[in-house]
Every structure is written in C-alpha cells, then in structure tokens.
Amino acid sequence: MTALVASAALALATPATISVDGQRLASDVPPVTTPAGAYLPLRAVAEAAGAQTTFDTATGEIVVRRGTDVLTMHAGSTAATMNGHTVALGHAPFTVHGRTMVAGATVAAALGSTVRFDAKHSRVIVRTPGVVVAGAADDEP
C-alpha cells in the first residue's frame, strides 16, 4: 500500500524547474530532487551559465570549462580534478536518459556559482557571479 501511495504521489508531482541567472532553463531531463538537495542536468546548466562541456565516449570523461576553470570527472566516481588538483565530489555524477546529472554543489564548484534548491516551490536557482540580470523575469518571489 505504501508503494502505491508513493507511486501516485510521484506520478502527480510537478517536476522541479531550474533557473539560471534569472532565466528559466528548458531541459529534456528535469532535476532529480531529494530532501538533501538537487541533481542537475550538467550540460544544460553549464551552457546556460556560459561554460562548455565535453564528453569523451571512449573514456567516459566529462569536462566542464568556464573561463580558466576546468573540472574533470567521470560518471559513477567521486574522484575529480579541478584545475589540475584532485578533489572529492560529495556525490558521484550519474546518467538519466543520456544526460549527466550532478549535485548542485558540483555545479557550484565548476561554475563558481551559487545553487539553491527551493523545495517549497520545487525549483533550483543557479546564480553565476558577475552576471547582471537586468530586465529579465526571475523565478524567485
């Protein structure tokens, strides 16, 4: 019975939205949200924030570049490098429908951004330093 109630709740739930620097982000894969935070579709969020992402199918290497910062990681591994230095990710990246999903903290580190999950309104807000949001509607109340 509990599984049936949980399934019904998930089926009726509205997926979380993402805004990057005040603009709602359209992505074919919505964020995966948990009580502890959100996992975001990396390429969509990174590119909306002005970064470039690459994926090497032969090695499984995922690289995010923004300015002089470079984050390199692999799905399923918490070991990564940031600007050539070894770092441990809090959560390993994973794949949903062909999209690499990463924790909000990983996005923040890669982009130098702040990432906040607003569970009450079911949305993830990403702010990139130095980006001025002028004349753009924001999802925040």
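Just so you know, all these numbers are worked out from the coordinates, no wet-lab data involved. None of the values given here were measured: they were computed from a predicted structure.
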(request) Only Cα pairs under 8 Å and at least 6 apart count here; give the relative contact order of region 32-85 as a rounded whole percent. (result) 19
(request) Calculate, axis by axis, the spread of Cα positions in region 15-127 along the three principal axes, and write the results as whole Å, longest axis first. (result) 37, 26, 23
